[in-house]
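This report concerns only the one structure given below.
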Amino acid sequence: MATTRKVPLRKCTGCGVMKEKRELVRVVRSKDGEVSLDLVGKKPGRGAYICKNADCLKLARKAKRIERALNCTISPEIYDMMEKEIEND
């Protein structure tokens, strides 16, 4: 008898849709205050999830949802870097 595993769901901060955790990218704020993308999902720190497309990142950036979720301010350079990494993925 095979047991079915519970699939973890997370909410995208851009579009607000609940998706499987592995379909999303994690944005992490470390204890130092450094914000980066966590493509593996193992970095320590406070995290927020976003879809793997640039449109959701733009929505989250415009409404400052990632900043609110991570309790910090994010510079435009970091947003640009995150957008490039998501487009390359």
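Values quoted throughout were computed directly from the atomic coordinates according to the rules given, and no laboratory measurement underlies them. Since this is a predicted model, take the numbers as computed values, not measurements.
At 222 nm, what helix-only mean residue ellipticity would the chain give, in deg cm²/dmol to the nearest 500, using -39500 (n - 2.57) for each DSSP H run of four or more?
On the way: 3 runs with 29 residues, N = 89.
Mean residue ellipticity at 222 nm (helix-derived): -9500 deg cm²/dmol.
So what's the angle, to the nearest 10 degrees on a 0 to 90 scale, between helix 76-88 and the longest Cα principal axis of the chain?
40 degrees
Please list, or write none, the lysines whose alpha carbon is within less than 21 Å of the alpha carbon of K43, excluding same-chain residues fewer than 8 places away.
Reachable lysines: K11, K19, K21, K31, K52, K84.
By how many degrees, 0 to 90 and rounded to 10, does the Cα axis of helix 54-63 deviate from the longest principal axis of the chain?
For 54-63 against the chain, the angle is about 60 degrees.
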